Amino acid sequence: MGLNSTHALPRSAWIEVDLTALRHNFVSIRAHLPVLTELLYVVKDDAYGLGAVAAARVALSSGASRLAVFTLEEALTLRNAGITAPILLFGERLEEELPWVLSLDLEPCLGRLEIARAFNELARSQGRLISVHLKINTGMNRFGFSWRTVTEWGPQLAAFSELDFAGAMTHFAQSDELDKTVARMQIHRFQSCINQLCQNGLTPRCLHQCNSGGVLDLPEAYLDIVRVGLLAHGVYPSLVCGRLPDLRPVMTVKARVVAIQTLVSGDTVGYGMRWRAERPSRIGVLPLGYGDGFPRIRNEGHALIQGTRAPLVGGVTMDALMIDLTDLPSAEAGEEAVLMGRQGAEEITAQDLSLLKQTVTYDLLTGWRRRLPRVYLGS
Ligand SMILES: *Cc1c(COP(=O)(O)O)cnc(C)c1O
């Protein structure tokens, strides 16, 4: 084993990525979509922590035909791995990034005239066209040309002869809540903006607007491509959005009990002595903590061990957390525990943990640090 292959070094806390479950989810989502709607897999932030290359390969061989990332480095990683599928580049670019966009053969989102001009000149100097996706701001107010001023920027964009308008897109500010008023307004604004563009002689080849929430709740908005990240991981954007039958969680977070402490009544656990034993107790130590992305909670939450829920006691530390094993006398050091995922009939979902962390499932998933090795199962 090479000393630089650090992920081959043993560690008693890790993340299992079930590639068979991921594949199953892509097949399910693909089957849910109209045949002519393309499935784009959003692999930004290392596929929300799964590992972008492994996840992208599964996606592209089970129904997805495109990928999207946010940074050049993320795109470079995919290209270096030999992935040739179209890659959409989200966000805005600095001028110094533009040559890389061309050399990596990416399709950038375009939301500013200055960058459109720079892309147009760069493409001309290289004697080629550049494929772009027009980003239209219909209410998210983050990236893109404003739908309100299309009659100003539309004709100017149409005059850039080296730009190939491969697509036009918008992004929902709210697609996973019960109230779809704003999403429906955005759909309407996008469509009227596209109609106006077409009158200016700019006809994007494909249109897209749905993220996971849109796929679940806004079938009328699918258009030519849907951009799916979270849902493919068997995790939902919110508690109230629609559900697809039969999606499977892809990520499981596990650790082994590495130490057991025997306490008498009155002993305390952890920094600040925030948990006190009310009976003789056995405390198991799991070697992962907030330094691995586990929520920094105290005296709440559980680990699954021997198919039952063992309560977390004391505060989660940077490197470790403690669980009460008093009612599991046969649990010994070396026993495998699940912090997120299923064990036997019990399950701790990403949703459950995100509520403990007081955040959304997106943040919970991407919050697992690289310090936890990823172990890939299935194919
Ligand atoms: C992240 C992102 C998506 C994917 O969203 P999910 O809810 O994870 O499916 C789609 N479109 C854009 C523009 C994004 O930034």
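The values are calculated or read from the model by the stated rules, or taken from the named source; none is laboratory data. Everything numeric here is computed off the predicted structure, so don't read it as measured data. Here Cβ is always computed from backbone atoms with ideal geometry, including for glycine, and neighbour counts include all displayed protein chains. Please note that ligands, DNA and RNA were not included when accessible areas were found on the heavy atoms of the full protein model with its side chains. Shrake-Rupley method; radii C 1.70, N 1.55, O 1.52, S 1.80 Å.
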(message) Just to be sure I understand: of the beta bridges DSSP finds with both ends in the chain, what percent are antiparallel, rounded to 5?
(response) 50
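Run the numbers on the range 19-233 and let me know its relative contact order in percent, using alpha-carbon pairs under 8 Å that are six or more apart.
19
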(message) At 7 Å along Cα-to-Cβ for each site, give me the label-to-label distance between Asp319 and Arg243 in nm.
(response) 4.1
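Taking R0 as 30 Å, what's the FRET efficiency between Ala31 and Gln351 from their Cβ-Cβ distance, rounded to 0.05?
Values: r = 24 Å, r/R0 = 0.79.
For R0 = 30 Å, the calculated efficiency reads 0.80.
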(request) With a probe of 1.4 Å, find how much accessible area the range 1-129 has per residue, and write the answer as a whole number in Å². (result) 45
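Report the charge-dipole magnitude of the chain in Debye, nearest 20, computed about the Cα centre from +1 at each Lys and Arg Cβ and -1 at each Asp and Glu Cβ.
Numbers: 37 positive and 39 negative charges, 5 e Å.
Here the size comes out at about 20 debye.
With the Cα gyration tensor of the range 71-186 in hand, convert its eigenvalues to equivalent ellipsoid semi-axes via √(5λ) and list them largest first in whole Å. Mind dumping the intermediate values first?
Details: eigenvalues 137, 76, 22 Å².
Largest first, the range 71-186 gives 26, 20, 10 Å.
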(message) Straight-line reach from Lys357: which aspartates and glutamates fall under 12 Å, measuring Cα to Cα and dropping same-chain residues less than 8 apart?
(response) Glu300
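Can you tell me the relative contact order of the chain? Whole percent, Cα pairs under 8 Å, sequence separation 6 or more. Walk me through the numbers on the way to the answer.
Values: 807 pairs, mean separation 66.9, N = 379.
In percent, rounded to a whole number, it is 18.
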(request) Pull up all non-local amide H partners of Asn200: gap of 5 or more, or a different chain, and H-to-H distance under 5 Å with H placed in the peptide plane. (result) none
(request) Any aspartates and glutamates with Cα under 18 Å of the Lys44 Cα? List them, leaving off those in the same chain fewer than 8 positions away. (result) Glu73, Glu74, Glu92, Glu97, Asp105, Glu107, Asp363
(request) Could you list which residues have their amide H under 5 Å from that of Met340, counting only those 5 or more apart in sequence or on another chain, with H placed in the peptide plane? (result) Val253
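If you wrap a convex hull around the Cα atoms of the range 1-105, how much volume per residue is inside, in Å³?
Numbers: hull volume 14.7 nm³, N = 105.
So the per-residue Cα hull volume is 140 Å³.
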(request) Let me see the pair-distance distribution of the range 49-132: every alpha carbon pair, 5 Å bin width, integer percents in order. (result) 3, 14, 27, 22, 16, 9, 6, 2
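Can you give the Rg/Rh ratio of the chain, where Rg is from the C-alpha atoms and Rh is the Kirkwood radius? Don't jump to the answer; show the numbers that get you there.
On the way: Rg = 24.0 Å, Rh = 22.8 Å.
Here Rg/Rh amounts to 1.06.
List the GluC sites (Glu not before Pro) within the range 310-379 that DSSP assigns to loop and that have no more than 13 neighbouring Cβ atoms inside 10 Å. The partial results should precede the final answer.
Values: sites: Glu332, Glu335, Glu336, Glu346, Glu347; in loops: Glu332, Glu335.
Those that pass, being in a loop and sparsely packed, are Glu332.
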(message) What distance in nm lies between label points placed 7 Å from Cα along the C-beta direction at Glu114 and Tyr271?
(response) 4.3
(message) Could you report the accessible area of Cys241 in Å², rounded to 10, computed with a 1.4 Å probe on the protein chains as they sit in the structure?
(response) 10
(request) For the range 118-126, take each phi angle, set θ = phi - 60°, evaluate the Karplus expression 6.51 cos²θ - 1.76 cosθ + 1.60, and give the result in whole Hz per residue in order, putting x for glycine and proline. (result) 5, 4, 4, 5, 4, 4, 4, 5, 9
(request) Quick one: P(r) of the range 204-283 from all Cα-Cα pairs, 10 Å bins, percents rounded to integers, in order of increasing distance. (result) 15, 26, 14, 15, 17, 10, 3, 0
(message) What's the magnitude of the charge dipole for the range 251-348 around its Cα centre, counting Lys and Arg as +1 and Asp and Glu as -1 at the beta-carbon? Answer in Debye, nearest 20.
(response) 200
(message) Under the rule of at least 5 residues apart or a separate chain, name every residue whose amide H is placed under 5 Å from the amide H of Gly234.
(response) none
(request) Return one quarter of the surface area of the convex hull spanned by the alpha-carbon atoms of the range 251-348, equal to its mean projected area, in nm². (result) 5.6
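State the percentage of accessible surface on the range 81-227 attributable to carbon and sulfur atoms; use a 1.4 Å probe and exclude ligands, DNA and RNA. Don't jump to the answer; show the numbers that get you there.
Details: 3120 of 6300 Å².
That share works out to 49 percent.
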(request) Mind computing the radius of gyration and Dmax over the alpha-carbon atoms of the range 129-260? Å is fine for both. (result) 18.7, 72
(request) Step through the residues of the range 153-168 one at a time and calculate ³J(HN,Hα) from phi using the Karplus curve (6.51 cos²θ - 1.76 cosθ + 1.60, θ = phi - 60°), rounding each to whole Hz and writing x for Gly and Pro. (result) 7, x, x, 5, 5, 4, 7, 7, 6, 8, 8, 9, 7, 5, x, 9
(request) Calculate I(q)/I(0) for the range 19-233 by the Debye formula, one identical point scatterer on each C-alpha and no solvent, and give its log10 at q = 0.08, 0.11, 0.13, 0.15 Å⁻¹ to two decimals. (result) -0.27, -0.51, -0.72, -0.96
